[in-house]
Amino acid sequence: MLDVLHQHCKAVSYLLHNVRNKSLATMKTNATKKKCLLRALKSSDYVVDDSEDEDMVTDNELESLSESEENLHKAEPKLKSPEASKRDFVPEEVDSLKVQKKIQTNLAAKIEIVVGDITKLKANVIVNAANATLLGGGGVDGAIHAAAGDELLKECRKLKRCKTGEAKITQSYNIKTAEAIIHTVGPRVLNRVTKKNEQKLYDCYTNSLKMAVEHDYRVIAFPAISTGIYKYPKSAAAMVATNAVKDFLMTSHNADKIEKVIFCILDENDAQVYEKLIPNMFKIPNAVEAPLVSLL
């Protein structure tokens, strides 16, 4: 009989040991089990002195344990319902659309049409519609070389040649209204405009804009590339030009690097082609025609 009692006491002792060492939730559970075991022993024929055992886990301690457990539950983060999570989730595509819309709305302020001589136009950098030799020629190319002086020709000789669609940069020399000149070679149209012609003309504008950004020039002026002796139809060339500029400016990492793009056109009739294209091309809300400035 004493052996049975001894085994019961060992069980109680083991249980109390666990109460001291386990987590708060486990302690509460084990303490309840201990009391149940003590009550079972009391109801038997054996006499057990349980005063020491009950002192080990008092009612106050149990109450404290309960309060601690409740505090732990309060501290647990509350999970949102699936509906709330859906409301809070904003797809990246939506954010991207917002950025694109903001950029698109601001494009109107970045585009300007000027009628006049590009060598007298105030801009950080002007673009020369050059030939492959970079040694000067007719039209805009000849005018820029004449205005810049012999030093430009010397620098261009060092650059060797330039491929169609590519761009190279030089100093502006005697052209004091610009800080630099970007030389780009447009495509020559023979019988009709081909896809290759379109791509090469598009590259002229894109590569010129890239070079301006690389050299931290924020205001750039373009002539109507390839529309002279290279015989690119003026309306088709204007479409490619505005498309290339739009695509470049609509790219988020380029949006703030170019402050102004000026289309410098020699003839007012040709400038009207750009005036009609730009509001639709850039899809400007409540569009007004791009400003037409004459240097003549």
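The table for this structure:
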| quantity | calculated |
| --- | --- |
| The stretch 182-277: GluC sites (Glu not before Pro) in DSSP coil with no more than 16 other Cβ atoms inside 10 Å | 259 |
| For residue 143, net neighbour charge (Lys/Arg +1, Asp/Glu -1) across residues whose Cβ lies under 11 Å away | -1 |
| Rg to Rh, two decimals, where the stretch 168-252 supplies the alpha carbon set and Rh follows Kirkwood | 0.99 |
| Gain upon complete extension [residue 251, residue 190; 0.36 nm per residue less C-alpha separation] | 18.7 nm |
| Local net charge near residue 219, Cβ-Cβ under 13 Å (Lys/Arg +1, Asp/Glu -1) | +1 |
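A short reminder: the numbers here are calculations on the coordinates, not readings from a lab. Just so it is clear, the structure is predicted and the values come from calculations on it, not from any experiment. Neighbour counts run over all protein chains shown; Cβ positions are idealised from the backbone, glycine included.
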